[in-house]
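This report concerns only the one structure given below.
The values are calculated or read from the model by the stated rules, or taken from the named source; none is laboratory data. These numbers were taken from a predicted model, which means no experiment stands behind them. Cβ placement follows ideal geometry from the backbone for every residue including glycine, while neighbour counts extend to all protein chains displayed. Keep in mind that these areas ignore ligands, DNA and RNA; they rest on the heavy atoms of the full protein, side chains included. Shrake-Rupley method; radii C 1.70, N 1.55, O 1.52, S 1.80 Å.
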Amino acid sequence: MAMLAELTHRCPLACPYCSNPVDLVRRSGELSTQEWVDVFRQAADLGVLHLHLSGGEPAARHDLEELVAASTGAELYSNLITSGVGLTEARLEKLAANGLDHVQLSLQGVDHETADLYGGYKGGFDRKIAVAGWTVKLGLPLTINAVMHRHNLSTLDLMIDLAVDLGARRLEVATVQFHGWAEKNKAALMPTREQVQKAGETVHAGRRRLKGVLVIDYVPADYYATYPKACMGGWASTSLNIAPDGQVLPCHAAPTIPWLTFDNVHERPLKDIWMHSDAFNAFRGDEWMQEPCRSCARKAVDFGGCRCQAMALAGDAAATDPACSKSTLHADLLAAAEAASSTRDADLTYRRMPTLKQPLRTHDA
Amino acid sequence: MTTEIPETARPRLLKGVRTRFDKARDTWLLLAPERTLELDAVAAAILAEVDGERSFGEVIDVLMAKYDAPRERISADVRTFLSSLVERRMLEIDVP
């Protein structure tokens with residue numbers, strides 16, 4: 001069981017496919033150090049083994065070192081999911097000394113030009129390469145996380161080579177998923193069917209060639225597939241997310257299902273939320289399923305696909321994920337994906353914090 | 001498929017890969033980047049002796065002293081299991 005702790009939504013990068021919600025939490029709304037420490041303890045008691053420290057950029061939290069120590073104290077396996085920006089060699093040494101288990105570094109491309117364009121941060125690529133070097137020097141396992149889309153899929157083989165050159169033990173090739181900010185950028189990012197097919201072949205060839213050198217995990221695009229992805233391994237079955245403000249979510253995108261309400265660690269113990277809350281129980285088991293899912297032999301394999309994708313594309317979170325060929329909406333989805341993938345010169349909407357509508361004022365009691 | 005491992009080679013779990021007993025599940029686990037392996041009794045017994053100091057041959061000897069099984073059988077089990085961890089980038093075998 002794993003927990004994703006989104007320590008903050010603050011991030012120096014502005015990736016147009018960020019999985020954070022469009023409505024970002026501000027710094028003032030973030031949980032305090034002590035609140036996070038308490039959540040980590042509760043998570044360990046609940047049976048969580050892996051703790052993913054994410055964001056935003058987790059290094060934007062000045063208490064990251066303390067939080068890693070707390071994770072170690074709770075006997076959790078800590079994974080730092082980082083853009084690399086905000087880390088220094090000294091900071092990484094301190095994190096390692098405090099028991100950090102694993103570093104997962106994002107790369108937006110294989111060169112300055114692509115990486116800095118899609119990261120929306122000049123100089124980001126150089127910093128990432130430096131962070132990879134420090135991580136390997138410390139002996140920590142390094143994973144390279146590469147979100148792939150129409151404009152960088154042609155460099156997938158170079159990304160695999162780069163991961164090996166950097167000394168990564170693992171590469172996560174994640175085809176862009178259209179939730180959060182990516183949803184705004186479908187036309188710009190949607191890969192073509194040919195790209196998706198070739199990517200699968202490149203990954204298989206890479207795995208064979210690099211057995212014992214690099215582990216490659218692959219999240220394929222589902223819109224051109226026959227069956228949907230087993231999203232989250234089934235709703236609320238093996239993982240949970242904590243948003244920066246303490247909201248407890250079954251997955252990143254769950255708040256896009258408008259009728260779900262979410263609990264907060266301020267108000268309810270984590271175990272109680274996990275076991276008994278409406279949001280976590282909404283799609284457990286198969287009682288909620290409609291046809292064709294309910295009588296489908298694959299219902300225990302892919303659980304009807306992604307609930308948030310069903311919400312976004314079918315307008316009903318309990319519907320069959322339209323990525324499934326058995327969905328009546330599948331043909332429409334396919335046509336829309338193909339149309340989006342042939343869009344030329346679409347604008348990118350970068351991820352940004354909202355601008356203040358009113359100037360900040362001090363408050364006197 | 002298993003790789004040849006000389007008796008003098010020293011296996012060690014890579015940093016960021018560690019065993020942990022899980023009380024709730026009453027089992028030994030191997031924790032690694034994005035992976036949790038549930039260890040059966042044989043796997044747990046093998047990893048209990050892999051400390052980065054003992055050679056492959058010494059690990060087999062220690063296991064022979066503890067468990068009543070022929071050396072070839074233990075050697076094959078250890079080799080198969082450790083090779084699978086090498087393939088998954090969880091273990092390295094230093095050949096002197």
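Below, the figures for the structure above:
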{"read-out": "Residue under evaluation A:GLY139, criteria (1) in a loop (DSSP other than H, G, I, E, B); (2) surrounded by fewer than 22 Cβ atoms within 10 Å (Cβ to Cβ); (3) more than 14 Å from chain B (Cβ to nearest Cβ), criterion not met", "value": "(3)"}
{"read-out": "So A:GLN34, is it surrounded by fewer than 24 Cβ atoms within 10 Å (Cβ to Cβ), without any contact (Cβ under 8 Å) to a residue 12 or more places away in the chain and under 29 Å from B:LYS23 (Cβ atoms)", "value": "yes"}
{"read-out": "Residues being within 20 Å of A:MET148 (Cα to Cα), out of contact with any helix residue (DSSP H, G or I) (no Cβ under 8 Å at 6 or more places or on another chain) and away from every other protein chain (no Cβ under 14 Å) - total across the stretch A:82-126", "value": "5"}
{"read-out": "Some residue of the stretch B:39-46 being at pLDDT 95 or above and within 14 Å of chain A (Cβ to nearest Cβ)", "value": "yes"}
{"read-out": "Residue in the stretch A:212-221 that is out of contact with any strand residue (DSSP E or B) (no Cβ under 7 Å at 6 or more places or on another chain) and open to solvent by 20 Å² or more (accessible area, probe 1.4 Å) present", "value": "yes"}
{"read-out": "Residue list for the stretch A:61-117, filter: free of Cβ contacts under 8 Å to residues at least 40 places away in the same chain, among the charged types (D, E, K, R) and touching a Leu at 6+ places or on another chain (Cβ under 7 Å)", "value": "A:GLU65"}
{"read-out": "Single condition A:SER106 does not satisfy, out of (1) under 29 Å from A:VAL22 (Cβ atoms); (2) touching a strand residue (DSSP E or B) at 6+ places or on another chain (Cβ under 8 Å); (3) surrounded by fewer than 19 Cβ atoms within 10 Å (Cβ to Cβ)", "value": "(3)"}
{"read-out": "Sole exception among (1) within 22 Å of A:PHE40 (Cβ to Cβ); (2) open to solvent by less than 20 Å² (accessible area, probe 1.4 Å) for A:ALA132, by number", "value": "(1)"}
{"read-out": "Single unsatisfied condition, A:HIS9 versus (1) assigned to a loop (DSSP other than H, G, I, E, B); (2) under 22 Å from A:ILE129 (Cβ atoms)", "value": "(2)"}
{"read-out": "The stretch A:207-231 - residue that is in contact (Cβ under 8 Å) with a residue 24 or more places away in the chain and within 14 Å of chain B (Cβ to nearest Cβ) and, of those, nearest to the chain's Cα centre (by Cα)", "value": "A:VAL219"}
{"read-out": "Scan of the stretch B:10-31 for residues that are over 20 Å from B:ARG79 (Cβ atoms), open to solvent by less than 60 Å² (accessible area, probe 1.4 Å) and either part of a loop (DSSP other than H, G, I, E, B) or within 11 Å of chain A (Cβ to nearest Cβ) (or both), ordered by number", "value": "B:GLY16, B:ARG20, B:ASP22, B:LEU29, B:LEU31"}
{"read-out": "Unique residue being more than 11 Å from chain A (Cβ to nearest Cβ), in contact (Cβ under 8 Å) with a residue 12 or more places away in the chain and on the phi > 0 side of the Ramachandran plot when the list is B:GLY57, B:GLY52", "value": "B:GLY52"}
{"read-out": "All positions within the stretch A:56-81 that are open to solvent by less than 10 Å² (accessible area, probe 1.4 Å), more than 14 Å from chain B (Cβ to nearest Cβ) and either modelled with pLDDT under 95 or farther than 17 Å from A:LYS128 by Cα (or both)", "value": "A:LEU64, A:LEU67"}
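Each row is one residue, and each column tells you yes or no for (1) in a loop (DSSP other than H, G, I, E, B); (2) surrounded by 18 or more Cβ atoms within 10 Å (Cβ to Cβ).
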residue: A:ARG150; (1), (2): yes, yes
residue: A:THR155; (1), (2): no, no
residue: A:LEU162; (1), (2): no, yes
residue: A:ALA168; (1), (2): yes, yes
residue: A:LEU171; (1), (2): no, yes
residue: A:PHE178; (1), (2): yes, yes
residue: A:ALA182; (1), (2): no, yes
residue: A:ASN185; (1), (2): no, yes
residue: A:PRO191; (1), (2): yes, yes
